[in-house]
Every structure is written in structure tokens, then in C-alpha cells.
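Below: the structure, in C-alpha cells.
The values are calculated or read from the model by the stated rules, or taken from the named source; none is laboratory data. Because the structure is predicted, anything quoted here is derived from the model rather than measured. Every residue, glycine among them, receives a Cβ derived from its backbone with ideal geometry; neighbour counts consider all protein chains shown.
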Amino acid sequence: MDLLSTIAFAFHVAITPENLLWCAVGVFLGSLVGVLPGVGPTSGIAMLLPITTLLPATSGIIMLAGIYYGSQYGGSTTSILVNIPGEFSSVTTCFDGYPLAKAGNAGQALAVAAIASFFAGTLGLVGLTFFVKPLAKLAFALGLPEYFLFYMLALTIVISLSGKSLVKGLVAACLGLLTTMVGLDNISGTARFSFGSMQLMGGLDFVAASIGLFAIGEVLINAEQGLNSVVVAKVRRIYPSLAENIRLIPTYLRSTLVGFFPGILPGIAPSVTSFMAYDLEKRVSKHPELFGKGVLEGVAAPEGANNACTSGGFIPLLAFGIPPSPALAVLLGAFMMYGLQPGPLMFQQRPDVVWGLIASMYLGNVMLLVLNLPLVRLWIKLLNIPYLILAPLIVVLSLIGAFSLRNNFFDLWTTLIFGLLGYIFKKLAIPIAPLVLCMILGDNLEALFRQSMVMSGGNMAVFIRSPLCIVLIVAIIVSLGLSIFQHNKSSKLTADRD
Amino acid sequence: MNISMKMKRSLIMCGVLSLVSLGSAYGAAHSVKYPNKPITLIASFAPGSAVDMSARVVAAYATKKWGVTVNVQNVIGASGVTGTLQVLNAKPDGYTLLLETATQSSFLFATQTNLPMKIDGRDYVAMVTTDPMYFFANTGTGWKTLKDAINFLQTKPEQFAWGAGAYSSYPMLSQVRLFNVGGVTMETIKKSKMVVFQKGNAPSIQACITGDVQFAMGWTYDVSSVLATGKVAVLAVNAPERTKDFPNIPTTKELGYADAILVPWYGISGPKGLPNNVVKAWNNLLKDAASDPVGQAEAAKAKKIWTYLPDAEFKAHVMNEYEKTIPIATALGLRK
């Protein structure tokens, strides 16, 4: 079958009333899952796995997949409105999304988040449609040393996230790395920082910690200041203008690339790509100093990246049956419940499931855009609630979300203690973003380094073993150099101004 | 007027309370049919994991057969201990049960000596499924049989890189057992490149595909994926019999390594003191699951094999595995 007739076949499968209905149900539930902090697509799909006993294969997979990419649309809502990151991939959206909301531009932020998600998600799907087989090989392009260098490249973002004081940013980053050491050591199995507690031996849950750092930290600071309302400025316009949308197109394109290709790599989570996209936008922007204060690019970039990442993630899943992320691993479970094994055989034996799924994702993205844009009006009304009522609601929502992650009471303590830490950081003007980035990267960073060293027998030359390694090292040096240069330039600017 | 209202109210309260207590006493005195309300089956690992999938298979089957919902709840943390403790501390009425595996019993107690629980501190209800593991080798090595791999380890241990999965996991312990049975001493094994992937076995398999490690293990649902990449050969299945899904892959038994057989099992256990009718009900349900078309359908989906062992045999199996693991754990320095 040539490609055009495959595409026609795909949409023929997807545009049946049944499949359209279940696609709509899936993306709606996905949005809901994304909005609720804590409950992520992984647990969302897992909770609905029993649906596989009721629905035929195509409809069931379409619905469950809808939850996955739908959640990447909804995750930004609470990040923007109340600074609660629904999941890791929404953490970056808090940086500029929440300041935008405070300035009365929540509607624009929410709308841009939806549009960026649609644009990048759909473009990623195009990549999936036309290049699934060749791109799948990318999944094995990186070995352990290459992955380590990739994570190091992501680590250099810490500098641009540090804001005015590089030292404070590095302090936050180190603390972030320290938190990842709590638990069993990756290589020797020794318990570190466990203080005899079995819970600590299993490590901290970082989503719970992020919820605490952002949401609860913010509530504590605001309570101290006696804040009456989140919005401190008058709402100007709800939706972004056409001119603003056109201005954002290069951002949408860049975030697609940054999200899509790493999304194919097993082990690179949407959250990492959202940080990278944010950093890239800041570097190419004419006004990098505005990032963190509320620029639409700061919302568009991470939101686009995490949606492109989910599209990219389907490549190794469908081509080989290798899920690059935990949520897709559960989706793989759904395939198995239907007796299906994703891989080259499924392309041959059940093209209706594979291509029907891909076509349904285009439709799902359209549905999500149509669903989310009008909802923006409704969401921003939430901000009119007096803070006296909103603040406790935020705390309760955060704690419920934290508990729902693993049904583990210990995570509530994590959230509260990191909430206190977030408050202290804000008082001391220490940036939180580097801490969160290091929490996401730290575990893998250490493990990959040590696994590479075991593999090479202790020989550091393993990190220059391939052309890709060299490219990554050059990228790290360039990234470091540029970041430091940009940092010095902006601190000189502020010094000159003062 | 007030006093008589008060009297009236307290009389009504007394009446209601006595009815309620009579009712529950009645319920307790006459053994109520089990199950008569939803059961919570706790899986201590993430959705999509092997434990979780086994739990879902069992839950789906039990729900169909009993007409009562069996809910799978994922309680994650502390490498499975959180969920285990939650069940052990629950009321032993049969409505909170654990779907467990060696990581929560035999392997756990073989490696950790300071736990707030004992290996026989729970009631073992029945073994439900097993999920055999396979030995993988990167095609770049040119190894065609297990013997090739073991010979390489024996002669050039410093160059032998193997993906050991997480500490005290089936992949790690199975490979060590294979090497021992194949005549490789612990000193030689310690000279090899044991690459540990604490977060789970998937990165271990990924490393085998890319060639960073030459030898690794995986489950049935990993076999198709690795074969599809064309970069991994499946050398053997570590079980007494060939599997239905891959009848062309020889067993370690056929290849002469029968003592290395270590098949991951999944079973149900509960807090100590479960009533007899609860244990009997589960055993009756699971006894015929393998030959029941409903059971077969459920298990085939998740590629699990019904392997029923009644309560006493199940406990014996766990204890046996525990005792066999202690020396390996000690030699590897895992026993703390």
C-alpha cells in the first residue's frame, strides 16, 4: 500500500461514529487527568485498562491513547492559574504562565498553551505518519555514554534558569542533585540518606516535591503578604491577537523539533524536552531578561515540546513495542490485553489498529483545541475567587494530587516539606527552577555515568567513543559558553542601568 | 416538654443502636458468603509492570467468576514494601489482599535482615501465575548458545558486560545462578562488568539492544520487541518447559542448566489470620483457572501463565526460594 492510500485507509478507520466517540471520550478524560495535579496519564490509563474488556481493539486503543496526549493539553491549566504543576512536564509552564496570570493575561497564556500543543502535537504526528520506520532506528542511536552526555547538555540549562545570581542558582541545583541521592544507590544498592526509614530507602517522589515547591510555596508566600487576589492587574484581553499568534509561529516550530526528536529516545521524558525548549526560546529571544516575568513564548515553548514529545514517543512503541515512557508502557499493557504485539508484525497483521490510531490522534488534537479554547473563559473566572478561599483549595488539591501519585501517605510529607522549602527559597530569592531541573535529571545523570564507567571498565575515554559523543560534548561547551556570556551581558545591563 | 423530647430521642437512638448491633452480630455469627463486597488487591508496583499485569489478570478473572468486583490498587514505594505493609496491617477479613512476587518475600528477606516484618508473618493464599524469563545476547557477540556466553565469561570476564537489572531482582539473581551452575565462580563473576539498572529491567534490555551490554534478560512480552530490532538473539528460556508463545526457543533444562531454573512467580497473600473460608474460596477459584476458557483468555492477553499452587505448597515454594537465595545474596554482598 502506498502512503496516500494508507492515509486514506487510516482516516476511514478513524472516522467511524464509534471511534470518533471514543476518541472524544479519551481526550476529554485526558484533559481532566492533566488538569488534576498528581493523577497523570500513567495512572489515568491504568485506571481505565478494564475498558479493554468492553471495547473492540481499535476503539479501546484510540481512547486510551487519547488520555495520553490529552493530558499534555490539560497539564498547563493549573500551572498557569495557580502555579500547581499537574505533572512534571507542566513545571516549566509555571515559570511564565503564572506571572502572566498574575498580570491579568491568564486567558492568553491558556490559549497559547492550547494552540502550541495543537501545532506541535500535529506536526509531530506528521513526522510519525511519514517517517515511523526510519525514525524508529533513532531509538537505538544512543548508548549509555551518549545518554549521559545528553543529560549533561540538559543540565547546562541550569545557568539560564538561575536568573540574576548564578551562585544562588547553583546552590539550588546542588540541592536538587542531593535530593535525588535519597534512596538506594544505583550501583551498589546501599541505602543513602535513608535514616533507617524504608520509605526514604525507596527514594522521594519528585512530582510530589514539585507540587510542594511551586504550589504550596506560593500559597505560603502569598498568605504572608496578605494577598487578596491572585490577579494583581486588570484583565485586558482574553485571547491572543492574530499578530501575537503569527509572532509565535517560529516558537511553535522550534518547540516541535526540540520535543519530537528526543521523544523518540527511550528515557527522555516530556519534562526534559520542555526545559530544553524553554531554554532554547530564551537564548534566541531578543529579550531574554523578560523570561520568567511572563512572556507568551515562555508558555508556548514547553507546551509545544511536551506535545511533540508524546507524538514522537509513539514511534518506538509502534515500530518495536518499546515504550519510551511509563505512560506508554501502560498503553503497551493495553495492547497486550487485546492480544496485540506492537511491532512490524502489527503493521502487517492489524494495520487498522496502527493506522486507525495514528489518524485518530490528528482528530483528537483538533478536538482538544476545540475543547480547550472556549474553556479558557471558564478557567479565568476561577481567578476571581478571593484568595482567602482559593488558597486552602489549592493546598487541598495539591495534597490530594500528591497522594494520588502512589497512594502512599509518605508523599504528603514530601509535598509539605518541599512546600516549606519553596517558601524559604522565595524569601531568600533563590530560584526554584534549577532545583526542579536537577531533581528531574539527577537520578539518571548519576546512574548513566556510573553505568558507562562499569561498561568501559573505568576508562573515561568511553565518553568520546563515537562521533555523537563528540557532537554532544561540543554542544555542552557551546551551551555553557553562550549561557555564561548571556548571563554576564544581562547582569552588565542591569548594572549599567543602576 | 423538653425532658420528654429528650427521652424520646434517646429511646429512638437506643433502638437504632441495638438494631445495628444485632444486625452485625447476626452477620458475624453466621458466616457470610465470601466475597460479598468488593475486594482490594494491592499491587506494589507501577501500572503496566509485571506484578500489576498479573494482578489485573487475576482480578478480571475473579470478578467474572464471583460477580464481585476485585479492584487492583497500586500502592507504590520503598521497592514494594509500602504496599506489602499496608496489606499486612489491614484487617484479616479477606477484603484486602496482596498480589506479590519474590521482591516482596523470598528475595526481600534474603537481602534485608532488619525489616519490621518476618517472612512467615503473613498468610500465603495461593500462587497464581508464573512468567518465565529469557536470556538475551546482543547479535554483535556472535553467541549462538548459552554455552558461548558462559565460556566468554569464564575466559574473559573483564570484557563480559551483562545487564543485571535491579538489585535482588529476578534478572540479577537468575543470571548469577546461571553462571554458577555453568561453573563460573563468584570471584570470576565479580571481575565481570555487572551493569546495574536500579530503576528496572527495561533500560537493561535497551542497553543490550544498543550493544552496551552483551547479555541480559527479559520477559515474554520483551521477546517480540527485541527480535523486531534485529539486534538481539534470544538464547534460552529459563523454565522447565518451552513456552507456547515461543516454542522454538530452547529451555535451560534442555541445554543442561536445569539447576539454574528460577521462574518469576506471582501469588496472593494476606495479613496473618485469614479465615479458612477466604483461603478456600481463592483456592477453589484458582485451581481450575488454567483449564477454564475464561481464565485462559484473560491470561493469554497479558502473556501470563496460570500456575496454581495451593496455600501450603505456595508457602513451601517461597521458603525454599528464600533459603536458596541467601548464599547468593551474601556472596554478592547484598545481604544487609
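Per-structure values
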{"item": "All positions within the range A:51-61 that are away from every other protein chain (no Cβ under 13 Å) and in contact with an Asp or Glu (Cβ under 9 Å, 6 or more places away or on another chain)", "result": "A:Leu55, A:Pro56, A:Thr58, A:Ser59"}
{"item": "Subset of the range A:11-56 [among the small types (Gly, Ala, Ser) and under 23 Å from B:Ala46 (Cα atoms)]", "result": "A:Gly26, A:Gly30, A:Ser31, A:Gly34, A:Gly38, A:Gly40, A:Ser43, A:Gly44, A:Ala46"}
{"item": "Residue that is nearest to the chain's Cα centre (by Cα), among those in the range A:314-328 that are closer than 23 Å to A:Gln348 by Cβ, within 14 Å of chain B (Cβ to nearest Cβ) and outside any loop (DSSP other than H, G, I, E, B)", "result": "A:Leu328"}
{"item": "Condition check for A:Phe291: touching a residue at least 24 places away in the same chain (Cβ under 8 Å), more than 13 Å from the chain's Cα centre (by Cα) and surrounded by fewer than 24 Cβ atoms within 10 Å (Cβ to Cβ)", "result": "yes"}
{"item": "B:Tyr170 vs. criteria buried (at least 20 other Cβ atoms within 10 Å of the Cβ), away from every other protein chain (no Cβ under 12 Å) and of a type in the set (Phe, Trp, Tyr)", "result": "yes"}
{"item": "Flag if A:Asn228 is outside any loop (DSSP other than H, G, I, E, B), polar (S, T, N, Q), surrounded by fewer than 22 Cβ atoms within 10 Å (Cβ to Cβ) and out of contact with any Gly (no Cβ under 7 Å at 6 or more places or on another chain)", "result": "no"}
{"item": "Some residue of the range A:143-152 being modelled with pLDDT under 90 and assigned to a helix (DSSP H, G or I)", "result": "no"}
{"item": "Top-ranked residue in the range A:404-452 [being within 27 Å of A:Ile45 (Cα to Cα) and not in a helix (DSSP H, G or I); ranked as farthest from the other protein chains (Cβ to nearest Cβ)]", "result": "A:Phe409"}
{"item": "Complete set of residues in the range A:153-208 that are β-branched (Val, Ile, Thr) and either closer than 24 Å to A:Glu289 by Cβ or not in a loop (DSSP other than H, G, I, E, B) (or both)", "result": "A:Thr156, A:Ile157, A:Val158, A:Ile159, A:Val167, A:Val171, A:Thr179, A:Thr180, A:Val207"}
{"item": "A:Tyr98 farther than 14 Å from A:Val230 by Cβ, among the aromatic types (Phe, Trp, Tyr) and crowded, with 24+ Cβ neighbours inside 10 Å", "result": "no"}
{"item": "Among the candidates B:Phe135, B:Phe109, residue that is of a type in the set (A, V, I, L, M, F, W, C) and modelled with pLDDT under 95", "result": "B:Phe109"}
{"item": "Positions within the range A:21-50 being more than 12 Å from chain B (Cβ to nearest Cβ) and without any contact (Cβ under 8 Å) to a residue 40 or more places away in the chain, in sequence order", "result": "A:Leu21"}
{"item": "Count of residues meeting criterion [at positive phi, over 15 Å from the mean Cα position of the chain (by Cα) and within 8 Å of chain A (Cβ to nearest Cβ)] in the range B:70-121", "result": "2"}
{"item": "Members of the range A:2-20 that are surrounded by fewer than 18 Cβ atoms within 10 Å (Cβ to Cβ), aliphatic (A, V, I, L, M), assigned to a helix (DSSP H, G or I) and touching a residue at least 60 places away in the same chain (Cβ under 8 Å)", "result": "A:Leu3, A:Ile7, A:Leu20"}
{"item": "Residues (buried (at least 20 other Cβ atoms within 10 Å of the Cβ) and of a type outside the set (Phe, Trp, Tyr)) located in the range B:173-183", "result": "B:Leu173, B:Ser174, B:Gln175, B:Val176, B:Arg177, B:Leu178, B:Gly182"}
{"item": "Restricting the range B:173-192 to residues that are farther than 30 Å from B:Ala78 by Cβ and either β-branched (Val, Ile, Thr) or within 14 Å of chain A (Cβ to nearest Cβ) (or both), the residue that is nearest to the chain's Cα centre (by Cα)", "result": "B:Val181"}
{"item": "Counted residues, the range A:104-149 - those being in contact with a helix residue (DSSP H, G or I) (Cβ under 8 Å, 6 or more places away or on another chain) and among the basic types (Lys, Arg)", "result": "1"}
{"item": "Among (1) in a loop (DSSP other than H, G, I, E, B); (2) farther than 30 Å from B:Ala78 by Cβ; (3) within 9 Å of another protein chain (Cβ to nearest Cβ) - the single one B:Thr243 does not satisfy", "result": "(3)"}
{"item": "The range B:262-278 residues that are closer than 22 Å to B:Asn89 by Cβ, paired with ones that are assigned to a helix (DSSP H, G or I) (beta carbon under 6 Å, 6 or more apart)", "result": "B:Tyr266/B:Ser54; B:Gly267/B:Phe314; B:Pro271/B:Leu88"}
{"item": "Looking only at the range A:101-137, and only at residues there that are among the β-branched types (Val, Ile, Thr) and farther than 16 Å from A:Gly263 by Cβ, the one that is surrounded by the fewest Cβ atoms within 10 Å (Cβ to Cβ)", "result": "A:Ile115"}
{"item": "Long-range neighbours under 8 Å by Cβ, at least six apart or interchain, first residue more than 14 Å from every other protein chain (Cβ to nearest Cβ) within the range B:140-161, second assigned to a helix (DSSP H, G or I) and of a type in the set (S, T, N, Q)", "result": "B:Asp148/B:Thr141; B:Ala149/B:Thr141; B:Phe152/B:Thr141; B:Phe152/B:Gln159; B:Leu153/B:Thr188; B:Gln154/B:Thr188"}
{"item": "Residues located in the range B:193-227, provided they are in a helix (DSSP H, G or I), more than 7 Å from chain A (Cβ to nearest Cβ), in contact (Cβ under 8 Å) with a residue 60 or more places away in the chain and not hydroxyl-bearing (Ser, Thr, Tyr)", "result": "B:Ile205, B:Cys208, B:Asp222, B:Val223, B:Val226"}
{"item": "Flag for B:Lys231 being among the charged types (D, E, K, R) and more than 10 Å from chain A (Cβ to nearest Cβ)", "result": "no"}
{"item": "Among the residues listed as B:Leu274, B:Leu285, B:Leu255, B:Leu262, the single one being part of a loop (DSSP other than H, G, I, E, B), over 24 Å from B:Trp143 (Cβ atoms) and not small (Gly, Ala, Ser)", "result": "B:Leu274"}
{"item": "Single residue of the range A:330-375 satisfying the filter (polar (S, T, N, Q) and in contact (Cβ under 8 Å) with a residue 24 or more places away in the chain) that is farthest from A:Tyr68 (Cα to Cα)", "result": "A:Asn372"}
{"item": "Considering residues of the range A:329-384 that are of a type in the set (Gly, Ala, Ser) and away from chain B (no Cβ under 14 Å) only, the residue surrounded by the most Cβ atoms within 10 Å (Cβ to Cβ)", "result": "A:Gly364"}
